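K.L.:
Here you go, one structure.
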Amino acid sequence: MWTIIMPPWVQQASRKCLQHTWVSRGGFRCLTVAKKRRNDVQQHPAVSRSCSTVQSDVRVRFAPSPTGFLHLGGLRTALYNYIFAKKHGGAFVLRLEDTDQNRLVPGAADSIEDMLEWAGIPPDESPRRGGPLGPYMQSQRLDLYSKTAQQLVESRHAYYCFCSPQRLELLKKEALRVGQTPRYDNRCRHLQAEQVQEKLAQGQPHVIRFRLEEGVEPFQDLIFGWNRHEVAQVEGDPVVMKADGFPTYHLANIVDDHYMKISHVLRGSEWLISTSKHLLMYHALGWQPPTFGHLPLLMNKDGSKLSKRQGDIFIENFRRDGVLPEALLDITTNCGSGFTTNRMGRRIEELISEFNPSKITTHSALMDLEKLPEFNRIHLQKRIENEEQCHLLVKELREEILQAYTTEIQDREVLLEDYIKRVLQLRKGHITSLKELLQPTYSYLWVRPSFSSQQVAALTSEAHLIASLVLKLIEEQKEKLSVEELNKDLKMLAKKTEATKYRDVMKLLRLTMSGLQQGPSVAEMMVSLSPAEVSHRFQKLLHLTDSC
(Lines give C-alpha, C1' and ligand atoms only; values in the text may rest on other atoms or scores of the structure.)
Protein backbone atom coordinates (compact mmCIF):
# COMPACT_ATOMS: atom_id res chain seq x y z
CA MET A 1 0.00 0.00 0.00
CA TRP A 2 1.14 3.56 -0.55
CA THR A 3 -0.36 6.93 0.10
CA ILE A 4 -0.54 9.65 -2.51
CA ILE A 5 0.24 12.97 -0.89
CA MET A 6 -1.45 15.81 -2.74
CA PRO A 7 -0.24 19.42 -2.60
CA PRO A 8 -1.10 21.05 0.77
CA TRP A 9 -3.49 23.58 -0.76
CA VAL A 10 -5.46 20.76 -2.37
CA GLN A 11 -5.70 18.88 0.92
CA GLN A 12 -6.75 22.04 2.74
CA ALA A 13 -9.34 22.94 0.14
CA SER A 14 -10.79 19.47 0.02
CA ARG A 15 -11.14 19.20 3.80
CA LYS A 16 -13.11 22.43 3.94
CA CYS A 17 -16.12 20.69 2.51
CA LEU A 18 -17.23 17.27 3.71
CA GLN A 19 -19.07 16.60 0.49
CA HIS A 20 -16.01 16.76 -1.74
CA THR A 21 -14.55 13.45 -2.84
CA TRP A 22 -12.29 12.46 -5.72
CA VAL A 23 -13.92 10.63 -8.61
CA SER A 24 -12.36 8.54 -11.31
CA ARG A 25 -12.28 11.09 -14.13
CA GLY A 26 -10.84 13.87 -12.04
CA GLY A 27 -12.43 16.53 -9.88
CA PHE A 28 -14.41 16.78 -6.70
CA ARG A 29 -17.93 15.50 -6.24
CA CYS A 30 -20.31 17.86 -4.45
CA LEU A 31 -23.75 16.97 -3.15
CA THR A 32 -26.25 19.81 -3.02
CA VAL A 33 -29.45 20.46 -1.16
CA ALA A 34 -31.37 20.98 -4.38
CA LYS A 35 -30.68 17.40 -5.48
CA LYS A 36 -32.99 14.87 -3.89
CA ARG A 37 -30.96 11.80 -4.84
CA ARG A 38 -27.36 11.05 -4.13
CA ASN A 39 -26.76 10.00 -7.70
CA ASP A 40 -27.46 13.54 -8.88
CA VAL A 41 -24.04 15.10 -8.41
CA GLN A 42 -22.14 18.07 -9.73
CA GLN A 43 -18.60 17.81 -11.07
CA HIS A 44 -16.18 20.53 -10.08
CA PRO A 45 -12.57 21.07 -11.15
CA ALA A 46 -9.91 19.83 -8.75
CA VAL A 47 -9.05 23.42 -7.91
CA SER A 48 -12.55 24.14 -6.62
CA ARG A 49 -12.42 25.40 -3.04
CA SER A 50 -16.11 25.82 -2.23
CA CYS A 51 -19.25 23.78 -2.16
CA SER A 52 -22.80 24.29 -0.98
CA THR A 53 -23.61 22.78 2.38
CA VAL A 54 -25.56 19.56 2.64
CA GLN A 55 -28.45 18.91 4.97
CA SER A 56 -31.12 16.43 3.94
CA ASP A 57 -28.82 14.40 1.67
CA VAL A 58 -26.56 13.15 4.46
CA ARG A 59 -27.14 9.50 5.33
CA VAL A 60 -24.67 7.55 7.46
CA ARG A 61 -24.79 4.07 8.89
CA PHE A 62 -23.45 2.04 11.79
CA ALA A 63 -23.19 -1.56 10.65
CA PRO A 64 -22.01 -3.90 13.42
CA SER A 65 -22.10 -7.66 13.28
CA PRO A 66 -24.26 -9.32 15.96
CA THR A 67 -21.47 -11.82 16.60
CA GLY A 68 -20.98 -10.05 19.91
CA PHE A 69 -22.33 -7.31 22.12
CA LEU A 70 -21.70 -3.59 21.70
CA HIS A 71 -18.37 -2.46 23.15
CA LEU A 72 -16.57 0.87 23.49
CA GLY A 73 -15.00 0.76 20.03
CA GLY A 74 -18.37 0.13 18.41
CA LEU A 75 -20.07 2.80 20.52
CA ARG A 76 -17.45 5.34 19.42
CA THR A 77 -18.01 4.55 15.73
CA ALA A 78 -21.78 4.79 16.20
CA LEU A 79 -21.40 8.06 18.11
CA TYR A 80 -19.33 9.77 15.42
CA ASN A 81 -21.84 8.67 12.78
CA TYR A 82 -24.75 9.92 14.89
CA ILE A 83 -23.08 13.29 15.53
CA PHE A 84 -22.18 13.67 11.86
CA ALA A 85 -25.78 12.95 10.81
CA LYS A 86 -27.32 15.34 13.34
CA LYS A 87 -24.77 18.04 12.55
CA HIS A 88 -25.98 18.03 8.94
CA GLY A 89 -29.66 17.29 9.51
CA GLY A 90 -29.27 13.81 8.04
CA ALA A 91 -30.25 10.25 8.95
CA PHE A 92 -28.41 7.78 11.18
CA VAL A 93 -29.04 4.20 10.05
CA LEU A 94 -28.41 1.01 12.04
CA ARG A 95 -27.77 -1.98 9.80
CA LEU A 96 -26.94 -5.39 11.27
CA GLU A 97 -24.49 -7.38 9.17
CA ASP A 98 -25.49 -10.89 10.18
CA THR A 99 -24.23 -12.82 7.17
CA ASP A 100 -21.73 -14.82 9.27
CA GLN A 101 -24.42 -17.15 10.55
CA ASN A 102 -22.01 -19.49 12.34
CA ARG A 103 -20.79 -16.79 14.73
CA LEU A 104 -24.08 -15.09 15.65
CA VAL A 105 -24.57 -14.57 19.40
CA PRO A 106 -28.16 -15.01 20.64
CA GLY A 107 -29.58 -11.72 21.87
CA ALA A 108 -26.75 -9.61 20.47
CA ALA A 109 -28.85 -7.98 17.74
CA ASP A 110 -31.47 -6.68 20.17
CA SER A 111 -28.83 -5.73 22.70
CA ILE A 112 -26.93 -3.57 20.20
CA GLU A 113 -30.02 -1.49 19.49
CA ASP A 114 -30.91 -1.40 23.19
CA MET A 115 -27.49 0.00 24.02
CA LEU A 116 -27.66 2.69 21.33
CA GLU A 117 -31.02 3.82 22.70
CA TRP A 118 -29.69 3.74 26.29
CA ALA A 119 -26.67 5.78 25.23
CA GLY A 120 -28.93 8.48 23.80
CA ILE A 121 -27.93 7.97 20.16
CA PRO A 122 -30.94 6.06 18.76
CA PRO A 123 -30.97 5.25 15.04
CA ASP A 124 -33.49 6.89 12.72
CA GLU A 125 -33.82 3.65 10.75
CA SER A 126 -33.09 0.16 12.07
CA PRO A 127 -34.36 -3.43 12.26
CA ARG A 128 -36.56 -2.41 15.19
CA ARG A 129 -37.73 0.99 13.93
CA GLY A 130 -37.99 0.07 10.27
CA GLY A 131 -37.56 2.63 7.52
CA PRO A 132 -38.09 3.26 3.80
CA LEU A 133 -34.95 1.46 2.60
CA GLY A 134 -35.05 -1.74 4.66
CA PRO A 135 -34.93 -4.47 5.61
CA TYR A 136 -32.00 -3.59 7.87
CA MET A 137 -30.80 -7.15 8.56
CA GLN A 138 -28.50 -8.44 5.85
CA SER A 139 -29.84 -11.99 6.17
CA GLN A 140 -33.15 -10.60 4.86
CA ARG A 141 -31.53 -9.12 1.73
CA LEU A 142 -29.94 -12.24 0.22
CA ASP A 143 -31.76 -11.94 -3.11
CA LEU A 144 -30.27 -8.49 -3.62
CA TYR A 145 -26.73 -9.75 -3.06
CA SER A 146 -27.28 -12.76 -5.30
CA LYS A 147 -28.56 -10.58 -8.15
CA THR A 148 -25.63 -8.20 -7.78
CA ALA A 149 -23.12 -11.06 -7.74
CA GLN A 150 -24.69 -12.46 -10.93
CA GLN A 151 -24.49 -9.01 -12.48
CA LEU A 152 -20.75 -8.98 -11.78
CA VAL A 153 -20.34 -12.46 -13.25
CA GLU A 154 -22.25 -11.52 -16.40
CA SER A 155 -20.13 -8.40 -16.87
CA ARG A 156 -16.98 -10.55 -16.34
CA HIS A 157 -15.99 -8.58 -13.25
CA ALA A 158 -16.48 -11.75 -11.19
CA TYR A 159 -16.25 -15.49 -11.78
CA TYR A 160 -17.15 -18.85 -10.29
CA CYS A 161 -14.45 -20.49 -8.21
CA PHE A 162 -14.57 -24.24 -7.58
CA CYS A 163 -11.40 -24.59 -5.51
CA SER A 164 -11.93 -26.88 -2.52
CA PRO A 165 -11.22 -25.80 1.04
CA GLN A 166 -8.43 -28.40 1.08
CA ARG A 167 -6.66 -26.78 -1.89
CA LEU A 168 -6.99 -23.33 -0.37
CA GLU A 169 -5.54 -24.60 2.91
CA LEU A 170 -2.57 -26.10 1.04
CA LEU A 171 -1.97 -22.75 -0.71
CA LYS A 172 -1.98 -21.04 2.66
CA LYS A 173 0.45 -23.49 4.26
CA GLU A 174 2.85 -23.29 1.31
CA ALA A 175 2.85 -19.48 1.40
CA LEU A 176 3.61 -19.50 5.11
CA ARG A 177 6.34 -22.08 4.63
CA VAL A 178 8.24 -19.83 2.20
CA GLY A 179 7.59 -16.70 4.25
CA GLN A 180 4.96 -15.14 2.01
CA THR A 181 1.56 -13.64 2.79
CA PRO A 182 -1.16 -16.20 1.95
CA ARG A 183 -3.22 -15.26 -1.10
CA TYR A 184 -5.44 -17.02 -3.59
CA ASP A 185 -3.64 -17.73 -6.87
CA ASN A 186 -6.66 -16.78 -9.04
CA ARG A 187 -6.68 -20.21 -10.65
CA CYS A 188 -10.39 -20.34 -11.49
CA ARG A 189 -10.33 -16.92 -13.12
CA HIS A 190 -8.79 -18.66 -16.16
CA LEU A 191 -11.42 -21.39 -16.60
CA GLN A 192 -13.10 -21.50 -19.98
CA ALA A 193 -16.84 -20.90 -20.22
CA GLU A 194 -17.42 -24.56 -21.14
CA GLN A 195 -15.54 -25.74 -18.08
CA VAL A 196 -17.55 -23.48 -15.83
CA GLN A 197 -20.86 -24.66 -17.25
CA GLU A 198 -19.82 -28.29 -16.90
CA LYS A 199 -18.89 -27.87 -13.23
CA LEU A 200 -22.11 -25.98 -12.54
CA ALA A 201 -24.13 -28.71 -14.25
CA GLN A 202 -22.40 -31.28 -12.04
CA GLY A 203 -23.46 -29.30 -8.99
CA GLN A 204 -19.93 -28.73 -7.78
CA PRO A 205 -19.72 -26.44 -4.72
CA HIS A 206 -18.50 -22.99 -5.65
CA VAL A 207 -18.06 -19.41 -4.57
CA ILE A 208 -18.02 -16.21 -6.59
CA ARG A 209 -14.82 -14.14 -6.64
CA PHE A 210 -14.34 -10.55 -7.76
CA ARG A 211 -11.61 -9.82 -10.32
CA LEU A 212 -9.11 -7.39 -8.88
CA GLU A 213 -7.59 -5.16 -11.53
CA GLU A 214 -4.50 -2.99 -11.37
CA GLY A 215 -4.63 0.76 -11.83
CA VAL A 216 -6.61 1.70 -8.74
CA GLU A 217 -7.78 5.29 -8.68
CA PRO A 218 -6.79 7.42 -5.68
CA PHE A 219 -9.53 8.39 -3.28
CA GLN A 220 -9.74 11.14 -0.72
CA ASP A 221 -10.46 10.04 2.81
CA LEU A 222 -12.01 12.70 5.04
CA ILE A 223 -9.45 11.95 7.75
CA PHE A 224 -6.43 10.25 6.17
CA GLY A 225 -6.32 12.34 3.00
CA TRP A 226 -5.47 10.91 -0.42
CA ASN A 227 -4.91 7.17 -0.57
CA ARG A 228 -4.82 4.21 -2.86
CA HIS A 229 -3.93 0.59 -2.33
CA GLU A 230 -2.93 -1.62 -5.27
CA VAL A 231 -4.85 -4.61 -3.99
CA ALA A 232 -4.26 -6.71 -7.11
CA GLN A 233 -0.54 -6.74 -6.38
CA VAL A 234 -0.82 -8.06 -2.85
CA GLU A 235 -4.13 -9.96 -2.70
CA GLY A 236 -5.81 -12.74 -4.56
CA ASP A 237 -9.29 -12.23 -5.97
CA PRO A 238 -11.64 -11.97 -2.96
CA VAL A 239 -14.74 -14.07 -2.40
CA VAL A 240 -17.89 -11.98 -2.68
CA MET A 241 -20.48 -14.76 -2.49
CA LYS A 242 -19.88 -17.80 -0.30
CA ALA A 243 -20.91 -21.36 -1.10
CA ASP A 244 -23.78 -21.14 1.39
CA GLY A 245 -25.38 -18.30 -0.59
CA PHE A 246 -24.39 -15.61 1.87
CA PRO A 247 -22.30 -12.64 0.74
CA THR A 248 -19.01 -11.59 2.27
CA TYR A 249 -18.59 -8.18 3.85
CA HIS A 250 -16.91 -6.81 0.72
CA LEU A 251 -20.01 -7.32 -1.43
CA ALA A 252 -22.78 -6.85 1.12
CA ASN A 253 -21.56 -3.55 2.49
CA ILE A 254 -21.32 -1.83 -0.89
CA VAL A 255 -24.66 -3.22 -2.06
CA ASP A 256 -26.39 -2.03 1.09
CA ASP A 257 -24.63 1.35 1.11
CA HIS A 258 -25.76 1.89 -2.48
CA TYR A 259 -29.39 0.84 -2.08
CA MET A 260 -29.72 2.55 1.31
CA LYS A 261 -28.38 5.75 -0.29
CA ILE A 262 -25.54 6.12 2.22
CA SER A 263 -23.73 9.37 1.48
CA HIS A 264 -20.82 9.04 3.94
CA VAL A 265 -19.16 5.95 5.34
CA LEU A 266 -17.46 6.63 8.67
CA ARG A 267 -15.81 3.46 9.92
CA GLY A 268 -12.68 2.25 11.71
CA SER A 269 -9.28 2.82 10.14
CA GLU A 270 -8.73 -0.95 9.92
CA TRP A 271 -10.93 -0.82 6.79
CA LEU A 272 -8.82 1.85 5.08
CA ILE A 273 -6.77 -0.63 3.02
CA SER A 274 -9.96 -2.35 1.83
CA THR A 275 -11.48 0.83 0.45
CA SER A 276 -9.65 0.66 -2.88
CA LYS A 277 -11.05 -2.85 -3.32
CA HIS A 278 -14.54 -1.58 -2.60
CA LEU A 279 -14.10 1.30 -5.05
CA LEU A 280 -13.16 -1.20 -7.78
CA MET A 281 -16.46 -2.95 -7.11
CA TYR A 282 -18.39 0.32 -7.23
CA HIS A 283 -16.77 1.07 -10.58
CA ALA A 284 -17.56 -2.43 -11.89
CA LEU A 285 -21.22 -1.95 -11.00
CA GLY A 286 -21.37 1.59 -12.38
CA TRP A 287 -22.33 3.01 -9.00
CA GLN A 288 -21.31 6.32 -7.42
CA PRO A 289 -19.42 5.54 -4.20
CA PRO A 290 -20.07 7.37 -0.94
CA THR A 291 -17.51 9.65 0.70
CA PHE A 292 -15.24 7.73 3.06
CA GLY A 293 -13.82 8.74 6.43
CA HIS A 294 -11.80 6.27 8.48
CA LEU A 295 -11.71 6.90 12.21
CA PRO A 296 -8.46 6.26 14.09
CA LEU A 297 -8.54 3.33 16.47
CA LEU A 298 -9.64 3.56 20.10
CA MET A 299 -6.86 2.17 22.30
CA ASN A 300 -6.10 1.62 25.97
CA LYS A 301 -4.16 4.42 27.66
CA ASP A 302 -0.93 2.40 27.31
CA GLY A 303 -1.42 2.17 23.54
CA SER A 304 -2.56 -1.47 23.54
CA LYS A 305 -5.58 -2.52 21.54
CA LEU A 306 -8.97 -2.69 23.22
CA SER A 307 -9.83 -6.35 23.57
CA LYS A 308 -13.24 -7.90 24.01
CA ARG A 309 -11.54 -10.28 26.44
CA GLN A 310 -11.11 -7.36 28.82
CA GLY A 311 -14.80 -7.72 29.70
CA ASP A 312 -15.11 -4.21 31.05
CA ILE A 313 -15.37 -2.64 27.60
CA PHE A 314 -18.91 -3.88 26.91
CA ILE A 315 -21.58 -1.20 27.16
CA GLU A 316 -23.99 -3.42 29.09
CA ASN A 317 -21.37 -3.74 31.84
CA PHE A 318 -21.02 0.03 32.11
CA ARG A 319 -24.79 0.40 32.45
CA ARG A 320 -24.90 -2.35 35.09
CA ASP A 321 -22.18 -0.58 37.08
CA GLY A 322 -24.12 2.69 37.21
CA VAL A 323 -22.20 4.61 34.54
CA LEU A 324 -24.33 7.35 32.97
CA PRO A 325 -24.59 7.22 29.17
CA GLU A 326 -23.64 10.89 28.79
CA ALA A 327 -20.47 10.26 30.83
CA LEU A 328 -19.54 7.40 28.52
CA LEU A 329 -20.11 9.52 25.41
CA ASP A 330 -18.15 12.37 26.97
CA ILE A 331 -15.05 10.34 27.83
CA THR A 332 -15.17 8.57 24.45
CA THR A 333 -14.97 11.85 22.55
CA ASN A 334 -12.74 13.59 25.10
CA CYS A 335 -9.91 11.11 24.49
CA GLY A 336 -10.11 11.53 20.72
CA SER A 337 -10.38 14.44 18.32
CA GLY A 338 -12.84 16.17 16.01
CA PHE A 339 -14.16 18.89 18.29
CA THR A 340 -13.53 22.59 18.66
CA THR A 341 -12.97 22.19 22.42
CA ASN A 342 -11.78 19.36 24.62
CA ARG A 343 -13.41 19.72 28.04
CA MET A 344 -15.19 17.48 30.49
CA GLY A 345 -18.92 17.65 31.04
CA ARG A 346 -20.20 17.87 27.45
CA ARG A 347 -23.63 16.46 26.67
CA ILE A 348 -24.73 15.19 23.27
CA GLU A 349 -26.15 18.55 22.17
CA GLU A 350 -22.78 20.20 22.85
CA LEU A 351 -20.91 17.40 21.12
CA ILE A 352 -23.02 17.95 18.00
CA SER A 353 -22.56 21.72 18.00
CA GLU A 354 -18.80 21.51 18.61
CA PHE A 355 -18.15 18.69 16.11
CA ASN A 356 -15.68 19.54 13.35
CA PRO A 357 -14.56 16.54 11.22
CA SER A 358 -11.59 18.48 9.86
CA LYS A 359 -10.13 18.34 13.38
CA ILE A 360 -10.12 14.54 13.52
CA THR A 361 -6.50 13.43 13.57
CA THR A 362 -5.01 10.17 12.32
CA HIS A 363 -3.55 9.40 15.75
CA SER A 364 -5.11 6.63 17.80
CA ALA A 365 -7.40 7.76 20.60
CA LEU A 366 -6.07 6.66 23.99
CA MET A 367 -8.79 6.04 26.55
CA ASP A 368 -8.04 6.20 30.28
CA LEU A 369 -10.96 4.42 31.93
CA GLU A 370 -9.55 5.33 35.34
CA LYS A 371 -10.93 8.81 34.66
CA LEU A 372 -14.46 7.52 34.02
CA PRO A 373 -15.63 7.99 37.67
CA GLU A 374 -14.73 11.67 37.43
CA PHE A 375 -16.69 12.04 34.19
CA ASN A 376 -19.60 10.24 35.84
CA ARG A 377 -19.42 12.50 38.91
CA ILE A 378 -19.68 15.61 36.74
CA HIS A 379 -22.64 14.31 34.73
CA LEU A 380 -24.42 12.95 37.80
CA GLN A 381 -24.21 16.40 39.38
CA LYS A 382 -25.72 17.90 36.22
CA ARG A 383 -28.61 15.44 36.44
CA ILE A 384 -29.23 16.16 40.11
CA GLU A 385 -29.38 19.89 39.37
CA ASN A 386 -31.98 19.32 36.65
CA GLU A 387 -35.44 18.99 38.21
CA GLU A 388 -36.86 16.56 35.67
CA GLN A 389 -33.78 14.36 35.60
CA CYS A 390 -33.48 14.46 39.39
CA HIS A 391 -37.02 13.10 39.64
CA LEU A 392 -35.96 10.13 37.49
CA LEU A 393 -32.87 9.60 39.64
CA VAL A 394 -35.08 9.50 42.74
CA LYS A 395 -37.25 6.78 41.21
CA GLU A 396 -34.21 4.77 40.16
CA LEU A 397 -32.54 5.06 43.55
CA ARG A 398 -35.75 4.14 45.37
CA GLU A 399 -35.90 0.85 43.46
CA GLU A 400 -32.26 0.17 44.28
CA ILE A 401 -32.86 0.90 47.98
CA LEU A 402 -35.82 -1.47 48.10
CA GLN A 403 -33.75 -4.25 46.52
CA ALA A 404 -30.75 -3.70 48.77
CA TYR A 405 -32.55 -3.16 52.11
CA THR A 406 -35.91 -4.89 51.67
CA THR A 407 -36.32 -6.23 55.21
CA GLU A 408 -34.09 -3.78 57.08
CA ILE A 409 -35.90 -0.48 56.50
CA GLN A 410 -37.58 0.64 59.73
CA ASP A 411 -38.90 4.02 58.58
CA ARG A 412 -40.64 4.16 55.19
CA GLU A 413 -39.93 7.90 55.06
CA VAL A 414 -36.55 7.08 53.51
CA LEU A 415 -38.43 6.06 50.35
CA LEU A 416 -40.21 9.40 49.96
CA GLU A 417 -39.16 11.65 47.10
CA ASP A 418 -38.36 14.64 49.32
CA TYR A 419 -36.06 12.55 51.50
CA ILE A 420 -34.13 10.93 48.61
CA LYS A 421 -33.95 14.23 46.74
CA ARG A 422 -32.47 15.91 49.83
CA VAL A 423 -29.81 13.21 50.05
CA LEU A 424 -28.93 13.66 46.36
CA GLN A 425 -28.70 17.42 46.67
CA LEU A 426 -26.38 17.16 49.68
CA ARG A 427 -24.15 14.50 48.12
CA LYS A 428 -23.93 15.93 44.58
CA GLY A 429 -20.36 16.57 43.60
CA HIS A 430 -19.19 13.95 46.11
CA ILE A 431 -20.55 10.70 44.68
CA THR A 432 -19.62 9.23 41.30
CA SER A 433 -22.71 7.06 40.85
CA LEU A 434 -26.06 6.28 42.45
CA LYS A 435 -24.79 2.84 43.40
CA GLU A 436 -22.29 4.48 45.71
CA LEU A 437 -25.21 5.46 47.95
CA LEU A 438 -25.99 1.76 48.44
CA GLN A 439 -22.56 0.97 49.85
CA PRO A 440 -22.10 0.37 53.62
CA THR A 441 -20.71 3.90 54.02
CA TYR A 442 -24.19 5.28 53.33
CA SER A 443 -26.35 2.53 54.84
CA TYR A 444 -27.24 4.87 57.75
CA LEU A 445 -29.39 6.86 55.30
CA TRP A 446 -31.74 3.93 54.76
CA VAL A 447 -31.54 1.79 57.91
CA ARG A 448 -30.99 2.67 61.56
CA PRO A 449 -27.51 1.72 62.77
CA SER A 450 -26.59 -0.33 65.82
CA PHE A 451 -23.87 0.53 68.32
CA SER A 452 -22.89 -0.71 71.77
CA SER A 453 -22.47 0.87 75.17
CA GLN A 454 -18.81 -0.18 75.02
CA GLN A 455 -18.29 1.91 71.86
CA VAL A 456 -19.93 4.89 73.55
CA ALA A 457 -17.93 4.50 76.75
CA ALA A 458 -14.68 4.38 74.77
CA LEU A 459 -15.38 7.90 73.54
CA THR A 460 -16.79 9.74 76.53
CA SER A 461 -18.38 9.48 79.95
CA GLU A 462 -20.67 12.39 79.08
CA ALA A 463 -22.78 10.63 76.46
CA HIS A 464 -26.02 11.31 78.36
CA LEU A 465 -25.26 15.03 78.53
CA ILE A 466 -24.29 15.22 74.87
CA ALA A 467 -27.42 13.35 73.77
CA SER A 468 -29.58 15.74 75.81
CA LEU A 469 -27.86 18.78 74.30
CA VAL A 470 -28.40 17.46 70.76
CA LEU A 471 -32.08 16.76 71.44
CA LYS A 472 -32.51 20.27 72.79
CA LEU A 473 -30.73 21.72 69.76
CA ILE A 474 -32.97 19.78 67.37
CA GLU A 475 -36.07 20.91 69.23
CA GLU A 476 -34.99 24.54 69.00
CA GLN A 477 -34.09 24.30 65.30
CA LYS A 478 -37.30 22.40 64.45
CA GLU A 479 -37.55 22.07 60.65
CA LYS A 480 -34.90 24.65 59.80
CA LEU A 481 -31.78 22.50 59.87
CA SER A 482 -28.96 23.66 57.60
CA VAL A 483 -25.39 22.46 57.33
CA GLU A 484 -23.89 25.91 57.85
CA GLU A 485 -25.90 26.72 61.00
CA LEU A 486 -25.44 23.26 62.46
CA ASN A 487 -21.67 23.44 62.08
CA LYS A 488 -21.68 26.58 64.25
CA ASP A 489 -24.17 25.15 66.75
CA LEU A 490 -22.24 21.91 67.18
CA LYS A 491 -19.07 23.78 68.02
CA MET A 492 -20.99 25.69 70.70
CA LEU A 493 -22.50 22.44 71.93
CA ALA A 494 -19.08 20.82 72.36
CA LYS A 495 -17.97 23.68 74.61
CA LYS A 496 -20.70 22.75 77.12
CA THR A 497 -19.03 19.46 77.98
CA GLU A 498 -16.50 19.29 80.81
CA ALA A 499 -14.28 16.30 79.98
CA THR A 500 -14.90 15.56 76.28
CA LYS A 501 -12.89 17.10 73.50
CA TYR A 502 -14.62 18.46 70.37
CA ARG A 503 -13.14 15.65 68.29
CA ASP A 504 -14.66 12.98 70.55
CA VAL A 505 -18.00 14.77 70.64
CA MET A 506 -18.11 14.57 66.83
CA LYS A 507 -17.14 10.90 66.93
CA LEU A 508 -20.00 10.18 69.32
CA LEU A 509 -22.50 12.06 67.15
CA ARG A 510 -21.28 10.22 64.05
CA LEU A 511 -21.49 6.85 65.84
CA THR A 512 -25.01 7.58 67.02
CA MET A 513 -26.28 8.58 63.60
CA SER A 514 -24.40 6.12 61.38
CA GLY A 515 -22.61 3.51 63.45
CA LEU A 516 -19.49 4.47 61.49
CA GLN A 517 -16.26 6.32 62.12
CA GLN A 518 -16.09 8.03 58.74
CA GLY A 519 -18.44 9.59 56.23
CA PRO A 520 -19.96 13.00 55.42
CA SER A 521 -19.81 15.78 57.97
CA VAL A 522 -21.91 15.34 61.10
CA ALA A 523 -23.93 18.43 60.16
CA GLU A 524 -24.71 17.00 56.72
CA MET A 525 -25.75 13.68 58.27
CA MET A 526 -28.21 15.51 60.52
CA VAL A 527 -29.70 17.49 57.63
CA SER A 528 -29.98 14.37 55.50
CA LEU A 529 -31.79 12.37 58.16
CA SER A 530 -34.37 15.04 59.07
CA PRO A 531 -35.03 16.38 62.61
CA ALA A 532 -37.43 13.59 63.54
CA GLU A 533 -35.00 10.83 62.63
CA VAL A 534 -32.06 12.56 64.35
CA SER A 535 -34.18 12.83 67.51
CA HIS A 536 -35.08 9.15 67.26
CA ARG A 537 -31.44 8.09 67.08
CA PHE A 538 -30.33 10.28 69.97
CA GLN A 539 -33.25 9.07 72.09
CA LYS A 540 -31.74 5.62 71.57
CA LEU A 541 -28.41 6.95 72.88
CA LEU A 542 -30.19 8.36 75.94
CA HIS A 543 -31.87 5.04 76.70
CA LEU A 544 -28.56 3.23 76.25
CA THR A 545 -26.81 5.51 78.76
CA ASP A 546 -29.74 5.29 81.18
CA SER A 547 -29.45 1.52 81.29
CA CYS A 548 -25.72 1.58 82.02
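The values are calculated or read from the model by the stated rules, or taken from the named source; none is laboratory data. Because the structure is predicted, anything quoted here is derived from the model rather than measured. Using ideal geometry, Cβ is built from the backbone for each residue, glycine included, and neighbour counts are taken over all protein chains shown. SASA here: full protein model, heavy atoms, side chains in, ligands and nucleic acids out. Shrake-Rupley method; radii C 1.70, N 1.55, O 1.52, S 1.80 Å.
K.L.:
Which numbered condition in (1) of a type outside the set (K, R); (2) touching a His at 6+ places or on another chain (Cβ under 8 Å); (3) buried (at least 17 other Cβ atoms within 10 Å of the Cβ) is the only one that D546 fails?
P.N.:
Single failed check for D546: (3).
K.L.:
Pairs needed: first member in the range 522-548, more than 21 Å from T441 (Cβ to Cβ); second member anywhere, of a type outside the set (F, W, Y) and not in a helix (DSSP H, G or I); C-beta distance under 7 Å; at least 6 residues apart or different chains.
P.N.:
P531/K478; P531/E479; P531/L481
K.L.:
Which of the following residues is in contact (Cβ under 8 Å) with a residue 40 or more places away in the chain and assigned by the TED database to the domain that holds S530: L509, L473?
P.N.:
L509
K.L.:
Tell me which of these F219 doesn't satisfy, since it passes every other one: (1) surrounded by fewer than 16 Cβ atoms within 10 Å (Cβ to Cβ); (2) farther than 27 Å from Q101 by Cα.
P.N.:
The single condition F219 does not satisfy is (1).
K.L.:
A follow-up question, please. Residues that are within 18 Å of M260 (Cα to Cα) and in a loop (DSSP other than H, G, I, E, B): does the range 147-164 have at least one?
P.N.:
no
K.L.:
May I ask you to list the residues in the range 446-470 that are touching a residue at least 24 places away in the same chain (Cβ under 8 Å), open to solvent by 30 Å² or more (accessible area, probe 1.4 Å) and outside any helix (DSSP H, G or I)?
P.N.:
If the condition is that a residue be touching a residue at least 24 places away in the same chain (Cβ under 8 Å), open to solvent by 30 Å² or more (accessible area, probe 1.4 Å) and outside any helix (DSSP H, G or I), then R448, S450, L459, S461 are the ones that fit.
K.L.:
Right, here's the next one. With (1) in contact (Cβ under 8 Å) with a residue 24 or more places away in the chain; (2) within 19 Å of Q455 (Cβ to Cβ); (3) not in a loop (DSSP other than H, G, I, E, B) as the list, and R503 as the residue in question, which single condition is left unmet?
P.N.:
Only one criterion is unmet by R503, namely (1).
K.L.:
Could you please find all residues in the range 415-430 being basic (K, R) and buried (at least 18 other Cβ atoms within 10 Å of the Cβ)?
P.N.:
R427
K.L.:
Evaluate the range 324-339: report whether one residue or more is more than 18 Å from the chain's Cα centre (by Cα), of a type in the set (D, E), at pLDDT 95 or above and open to solvent by less than 30 Å² (accessible area, probe 1.4 Å).
P.N.:
No, the range 324-339 has no match at all.
K.L.:
Across the range 226-274, what is the total count of residues that are of a type in the set (S, T, Y) and surrounded by 21 or more Cβ atoms within 10 Å (Cβ to Cβ)?
P.N.:
Total satisfying the criteria: 1.
K.L.:
Kindly provide the set of residues from the range 70-106 that are among the aromatic types (F, W, Y) and either open to solvent by 10 Å² or more (accessible area, probe 1.4 Å) or touching a residue at least 40 places away in the same chain (Cβ under 8 Å) (or both), ordered by number.
P.N.:
Y80, Y82, F84
K.L.:
Identify the single condition in (1) in the same structural domain as I112 (by the TED database); (2) open to solvent by less than 20 Å² (accessible area, probe 1.4 Å) that K301 does not satisfy, given that it satisfies every other one.
P.N.:
Failed condition: (2).
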